[in-house]
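Student: Right, I'll just put the structure down here and ask away after.
The values are calculated or read from the model by the stated rules, or taken from the named source; none is laboratory data. Computed from a prediction, not measured in an experiment: that's the story for all the values here. Reconstructed Cβ throughout: ideal geometry from the backbone, glycine too, with neighbour counts over all protein chains shown. Surface areas here come from the heavy atoms of the whole protein model, side chains and all, with no ligands, DNA or RNA. Shrake-Rupley method; radii C 1.70, N 1.55, O 1.52, S 1.80 Å.
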Amino acid sequence: VLVKNFLESKERNVQYFINRFQMLTVSDEKPTLVEHFIKTCLFKAMKSDPIWQIASNEQIELGKEAIERYVMSQIYLFALYPNGDGDLLRDQIIQQHMANLSKIISPGHKDLRIPEKFHSGCPWPAAQKQILAINAYRTPRDKLACVVRCLQTITVLLHLANEKCPPSADDVIPVLVFVLIKANPASLLSNVQYVSSFYKMEGQEDYCWTQFTSAVEFVKTMDY
């Protein structure tokens, strides 16, 4: 209710922001505009807005997440596909490439060589489920969370398959590549570009994202 009332009071500002975003032609300017509007115009206004004065710190943080989700949903397609049909075509090409790979891929593929001790969980459907959820979300924060959960799921499953030795990054990446190919999420490259452009990450998030983008780049180089 607090978020709804707050956004209603800022309706004119939000509409002005949406119009400005759609008119921008330089990609580098878009993340700057989004960050400025959300953090400076909306989050800063929350501090002086009477309806937020009685909210707890936890409620304020939840409110900020809800506001971010609302704003990003308003510009989602323009942010996800800044080049329109060009981005859609690029996504379709890699999706077809991954569909072709899926027909011949196996844990023992020459580019993966996943150790047999981990094969019991193949094709790791729980991890596929996490990455397939990426298109159900519209904020870069939520999309990144899908990637983090996917990697965490893979790590847990590999550990369960070989409890004597925790999996290393060298163990996780080939399985992540396999999971990506089998899941074959739509708009993969657009999602990568979207999160990289509109979300500043650090620590564990940055580490997981680096692993994920490395896996995506590796998939591009694979042949049949």
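Student: Can you pull out the residues in the range 61-85 that are over 20 Å from the mean Cα position of the chain (by Cα), of a type outside the set (Asp, Glu) and open to solvent by 40 Å² or more (accessible area, probe 1.4 Å)?
Tutor: Passing the criteria: none in range.
Student: For residue 143, all conditions in the list (1) open to solvent by 30 Å² or more (accessible area, probe 1.4 Å); (2) more than 20 Å from residue 222 (Cβ to Cβ) hold save one; what is the number of the exception?
Tutor: (1)
Student: Considering only the range 113-137, state which residues are of a type in the set (Phe, Trp, Tyr) and modelled with pLDDT of 95 or more.
Tutor: Result: 124, 137.
Student: For residue 58, are the conditions met, namely being open to solvent by less than 60 Å² (accessible area, probe 1.4 Å), on the phi < 0 side of the Ramachandran plot, assigned to a helix (DSSP H, G or I) and not β-branched (Val, Ile, Thr)?
Tutor: No.
Student: Then there's this: Which one of the conditions (1) surrounded by fewer than 18 Cβ atoms within 10 Å (Cβ to Cβ); (2) closer than 18 Å to residue 219 by Cβ does residue 162 fail to meet, given that it meets all the rest?
Tutor: (2)
Student: So is residue 49 acidic (Asp, Glu), without any contact (Cβ under 8 Å) to a residue 60 or more places away in the chain and open to solvent by less than 60 Å² (accessible area, probe 1.4 Å) or not?
Tutor: yes
Student: Next question. With (1) open to solvent by 70 Å² or more (accessible area, probe 1.4 Å); (2) out of contact with any Phe, Trp or Tyr (no Cβ under 8 Å at 6 or more places or on another chain); (3) at pLDDT 95 or above as the list, and residue 110 as the residue in question, which single condition is left unmet?
Tutor: With (1) open to solvent by 70 Å² or more (accessible area, probe 1.4 Å); (2) out of contact with any Phe, Trp or Tyr (no Cβ under 8 Å at 6 or more places or on another chain); (3) at pLDDT 95 or above applied to residue 110, the lone miss is (3).
Student: May I pose another question? Any residue in the range 167-175 that is in a helix (DSSP H, G or I), open to solvent by 50 Å² or more (accessible area, probe 1.4 Å), β-branched (Val, Ile, Thr) and at negative phi?
Tutor: no
Student: Is it the case, given these coordinates, that residue 149 is touching an Asp or Glu at 6+ places or on another chain (Cβ under 8 Å) and charged (D, E, K, R)?
Tutor: Criteria not met by residue 149.
Student: A further question follows. Given the conditions (1) modelled with pLDDT of 95 or more; (2) within 17 Å of residue 83 (Cα to Cα); (3) open to solvent by 20 Å² or more (accessible area, probe 1.4 Å), report the number of the one that residue 21 does not fulfil.
Tutor: Just one mismatch for residue 21, condition (3).
Student: For residue 194, indicate whether it is in contact with a Leu (Cβ under 7 Å, 6 or more places away or on another chain), open to solvent by 20 Å² or more (accessible area, probe 1.4 Å), farther than 19 Å from residue 121 by Cβ and not acidic (Asp, Glu).
Tutor: Details: in contact with a Leu (Cβ under 7 Å, 6 or more places away or on another chain): yes; open to solvent by 20 Å² or more (accessible area, probe 1.4 Å): no; farther than 19 Å from residue 121 by Cβ: yes; not acidic (Asp, Glu): yes.
Here the answer is no, as residue 194 does not meet what is asked.
Student: Against the definition (on the phi < 0 side of the Ramachandran plot and touching an Asp or Glu at 6+ places or on another chain (Cβ under 8 Å)), how does residue 31 come out, yes or no?
Tutor: Numbers: on the phi < 0 side of the Ramachandran plot: yes; touching an Asp or Glu at 6+ places or on another chain (Cβ under 8 Å): no.
No.
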